[in-house]
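Working notes, beginning with the structure itself.
Taken together, the values in this text are just the output of simple stated rules run on the coordinates, not laboratory data. This one's a predicted model, so the numbers in the text were calculated from it and none came from an experiment. Reconstructed Cβ throughout: ideal geometry from the backbone, glycine too, with neighbour counts over all protein chains shown.
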Amino acid sequence: MAYEIHKPEEQWRAELTPQEYHVLREAGTERAFTGEYTDSKTVGVYSCRACGAELFRSETKFESHCGWPSFYDPADSSAVELLEDRSHGMVRTEVRCARCGSHLGHVFSGEGYPTPTDQRYCINSISLRLSPEES
Ligand SMILES: [Zn+2]
């Protein structure tokens, strides 16, 4: 798939911190309960930290107690790209930013959370940037 934002890896490496680069560009995972947005209840919009595309809204964030920010639905289904991920001996669904292809996290379904979609978009805080909404 060709992404709207395409940059050579050296450029991503220069623009992102080493931790951001590891998660966004090398599909790393931040340690559970360490991300700045895990328990955030701030109202606002979560955008891709690599390219700034709007990805999730705080209204769909819920407390999953899994250690990462969890959302039950993207702001727009075309904002994210879903790919089968067979790494680490599991079959999971990887979530990427549809605009730049950066890794965001994984999505899990049917876990029984009391949300409208019964899906859990388990997203690394470091892949996101929250823009608080003025109220
Ligand atoms: Zn992006």
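Tabulated results
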| quantity | calculated |
| --- | --- |
| Residues that are in contact with a Lys or Arg (Cβ under 8 Å, 6 or more places away or on another chain) and either assigned to a strand (DSSP E or B) or under 14 Å from Thr29 (Cα atoms) (or both), drawn from the range 110-135 | Ile126, Ser127, Leu128, Arg129 |
| Some residue of the range 105-124 being surrounded by fewer than 20 Cβ atoms within 10 Å (Cβ to Cβ) and within 16 Å of the ligand (Cβ to nearest atom) | no |
| Residue match in the range 69-92 (condition: assigned to a loop (DSSP other than H, G, I, E, B) and within 16 Å of Val23 (Cβ to Cβ)) | yes |
| From Gln19, Gln11, residue being part of a helix (DSSP H, G or I), surrounded by fewer than 12 Cβ atoms within 10 Å (Cβ to Cβ) and not hydrophobic (A, V, I, L, M, F, W, C) | Gln11 |
| Residue in the range 6-24 that is in contact with a His (Cβ under 6 Å, 6 or more places away or on another chain) and under 17 Å from Arg99 (Cβ atoms) present | yes |
| Filter result for Ser40 (more than 14 Å from the ligand (Cβ to nearest atom) and among the small types (Gly, Ala, Ser)) | yes |
| Residue that is nearest to the ligand (Cβ to nearest atom), among those in the range 52-92 that are surrounded by fewer than 15 Cβ atoms within 10 Å (Cβ to Cβ) and among the polar types (S, T, N, Q) | Ser78 |
